[in-house]
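Asks: One structure, as structure tokens, below. Some questions next.
The values are calculated or read from the model by the stated rules, or taken from the named source; none is laboratory data. What you see is a predicted model, and the numbers here were worked out from it, not measured in a lab. When we count neighbours, we look across all protein chains shown, and the Cβ atoms used for this are built from the backbone with ideal geometry, even at glycine.
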């Protein structure tokens, strides 16, 4: 595992397993697959430094300008944990005081509606989120966040690129 992320991921997964074990629907939440880590960089300089380090460890990279900041998604040659090969690096928004470092882990779920129904029975801070074409449910726990998604970040990147293709070639006839 990339030593840059190892301790933070291990600490996060310990918190996640503890949360899930306390849930009525523990077996369902245990089945959700982690697909990506989200890492927040303090500023553009740190964002670029992290991206430069990860680029040499990656097979594919996608950059995007979203909400007045840079995001980069890396598909790593070697997995971090549970076969997770996706790392999202997010430049902290200008003026934000958000914590930097491990921000969240994405979990693939079969249905947001099913997850939402299960979460109604839990005493958790969670809500639906959307950013452009990307939709998810955020769960905040123990000073961190889990994002439940029906698509991997790669699918979101591909859909964004297809939107740009349509801007170039125009609508299909």
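Listed here are the residues, each with its yes/no results for (1) in contact (Cβ under 8 Å) with a residue 60 or more places away in the chain; (2) more than 15 Å from the chain's Cα centre (by Cα); (3) assigned to a strand (DSSP E or B); (4) buried (at least 19 other Cβ atoms within 10 Å of the Cβ).
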| residue | (1), (2), (3), (4) |
| --- | --- |
| 63 | no, no, yes, no |
| 70 | no, no, yes, no |
| 73 | yes, no, yes, yes |
| 88 | yes, no, yes, yes |
| 94 | no, yes, no, no |
| 97 | no, yes, no, no |
| 102 | yes, no, yes, no |
| 107 | yes, no, yes, yes |
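Asks: Let me ask you something else. Looking at 154, 148, 162, which is the one that is in contact with a helix residue (DSSP H, G or I) (Cβ under 6 Å, 6 or more places away or on another chain) and not in a loop (DSSP other than H, G, I, E, B)?
Replies: That would be 148, the only listed residue that is in contact with a helix residue (DSSP H, G or I) (Cβ under 6 Å, 6 or more places away or on another chain) and not in a loop (DSSP other than H, G, I, E, B).
Asks: Considering only the stretch 125-135, how many residues are outside any strand (DSSP E or B) and without any contact (Cβ under 8 Å) to a residue 60 or more places away in the chain?
Replies: 1
Asks: So for the stretch 112-119 (the condition being assigned to a strand (DSSP E or B) and in contact with a helix residue (DSSP H, G or I) (Cβ under 8 Å, 6 or more places away or on another chain)), does at least one residue qualify?
Replies: no
Asks: Answer yes if at least one residue in the stretch 40-60 is under 28 Å from residue 142 (Cβ atoms), touching a strand residue (DSSP E or B) at 6+ places or on another chain (Cβ under 9 Å), part of a strand (DSSP E or B) and at pLDDT 95 or above, and no otherwise.
Replies: yes
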